1. Only helices (runs of 4 or more DSSP H) wholly contained in the range 228-308 count here; list those with 2 or more residues that are farther than 17 Å from Gln319 by Cα.
2. Only one of Asp380, Asp359 is open to solvent by 70 Å² or more (accessible area, probe 1.4 Å), part of a helix (DSSP H, G or I) and modelled with pLDDT of 85 or more; which?
3. Report yes if some residue within the range 58-68 is over 27 Å from Asp110 (Cα atoms) and over 32 Å from the mean Cα position of the chain (by Cα); otherwise report no.
4. Just need a number here: residues in the range 265-298 that are farther than 19 Å from Ile453 by Cα and of a type in the set (S, T, N, Q).
5. Among the residues of the range 69-78, which ones are within 34 Å of the chain's Cα centre (by Cα) and aliphatic (A, V, I, L, M)?
6. Any idea how many residues of the range 220-248 are of a type outside the set (D, E, K, R) and closer than 21 Å to Pro193 by Cα?
7. Can you find even one residue in the range 111-125 that is in contact (Cβ under 8 Å) with a residue 12 or more places away in the chain and closer than 23 Å to Arg28 by Cα?
8. Looking at (1) more than 28 Å from Ala132 (Cα to Cα); (2) of a type outside the set (Asp, Glu); (3) free of Cβ contacts under 8 Å to residues at least 60 places away in the same chain, can you tell me which one Ala240 breaks?
Amino acid sequence: MDDHIKRNNDKSEEVERCLALIQSRNPRDRSFAAKRLGELKSRPDILMKLLQDPNGFVRSAAAEALGRSVELPAPEVISHLLTAIDDPNHYVCAAAVNSLGLLGAAQAIDQIEACLDDAEPIVVQAAILAMARIDPQRIENRLLAFLQSDEYLVHLAAVRVCGWLQLDFCSGLILQALQDLMQTNGKHDLKLPKLYIEALTRLNAREAIPTLVGIAEHEVGLRSAAVEALVDMNADEAAAILSPLLNDPSYSLRRNLIEMMIKADYTAALPLIRPLLKDKAITVRETALAAVSKWGDKVSIDDVREIAFSDPNPFVRPQAVIALTRLLEQDALADLVDLSEDLNLYVRRAVAQCLAEIDFLTPEGKKALLSLAEDPETADFVKDALKAHDLDTVQPLPEKVVETRVPVPKALSEEAHKLLVSLESWQNALPSLQKDFDLGELAEVDRALSTLILYLRETLNGDWGA
């Protein structure tokens, strides 16, 4: 309640500052004040008065702000905006049309439609967007013509609306426009191609996949947008082609690529994804965690444990706790007990939830669970675990039975540690070989190395002399 009162007081104070600025002789001050009043959804009465300001930029700011300051029904506001459509300044006209669209003012549809034939591109742009918001069917039959317009703003609005309305008949023209733009040897801004990609994604234009793959491979400024589109389209066929880009400097590209690999269930990329558990970008580490967890990559257990206990980001650690539990299952109990007293609240909550996934508890596990249940900050998170375990029949963990015979020659038993280090070094170097070998071959070698590494790690803890 106190926060709510404070927010209201802060808003009232800012509104008062805006009202003072409106008295300024400087039109920049008046324009800023009008914009802020719209953002604060306050004083449409003042904004309507500003539509009579002698400065066109102030009138434009007021018209734009009115579309955000109220909700329908607002007949007086609509009336003033309709009058502003006839303003001699085309920026004011465009702002008024845009606000009528934002308000969904159906009673203004005829006047807005008339603006589609205006001589000023900025007015036509506003009209296209407003028509799409108010009555999409009335604009559909004109979109193909607007898509082919030489006027940048008109073309931009048409592309955006085709994406909004998911009009399949537009996809061919948009894809062709994107392909033509990519032939200009990089002499283009990024806004337009990003809009093309966004529209094609909304249209789920799978015929665009080869073009998007090419962009992801060669267009540095657009790689992330293209990969994100391919992920949204579930373009499984792109995973193998784009996997070398997992080393790209762009963290958003690396993250999007991992998401693509996960969606495509492209486990061959594991040798390239595993090192990203140590990536400097938080979102990349998070996504890599999701990948090794989904694919049950037990070779990653040590790295996942390191994240769970020591990652510098407090919000990545709980995710690592969950991943570690999925990888180790019952064997995660000792780690969960240690983490149950962690200073990070989110880690303790993750532990509380993960204890429900453990088959049975040791006395230490029971103690940890009951301690979390008594903590008001974690009590709500242990309910499933308490239900999952019969705490009256606490069982000890079964002792691991070490095989008395291992398929390692006695002559090599003393070299086991060196063998493990060599195999781990080999596996860690696999990503550096991707330029010279097919990723499928590397994945096959990775699986073989994983088998040997996991076996050696386990047996080194046993009795090699038996």
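1. Here the list reads 238-242, 251-264, 270-273.
2. Checking each option against the conditions leaves just Asp380.
3. There is no residue in the range 58-68 that is over 27 Å from Asp110 (Cα atoms) and over 32 Å from the mean Cα position of the chain (by Cα).
4. Summing the residues that are farther than 19 Å from Ile453 by Cα and of a type in the set (S, T, N, Q) in the range 265-298 gives 2.
5. Val70, Leu72 - these are the residues of the range 69-78 that are within 34 Å of the chain's Cα centre (by Cα) and aliphatic (A, V, I, L, M).
6. Count: 16.
7. Yes: the range 111-125 contains one or more residues that are in contact (Cβ under 8 Å) with a residue 12 or more places away in the chain and closer than 23 Å to Arg28 by Cα.
8. All conditions are met except number (3).
The values are calculated or read from the model by the stated rules, or taken from the named source; none is laboratory data. What you see is a predicted model; the values in this text were computed from it and never measured. Virtual Cβ from ideal backbone geometry, glycine too; neighbours counted across all protein chains shown. Surface areas here come from the heavy atoms of the whole protein model, side chains and all, with no ligands, DNA or RNA. Shrake-Rupley method; radii C 1.70, N 1.55, O 1.52, S 1.80 Å.
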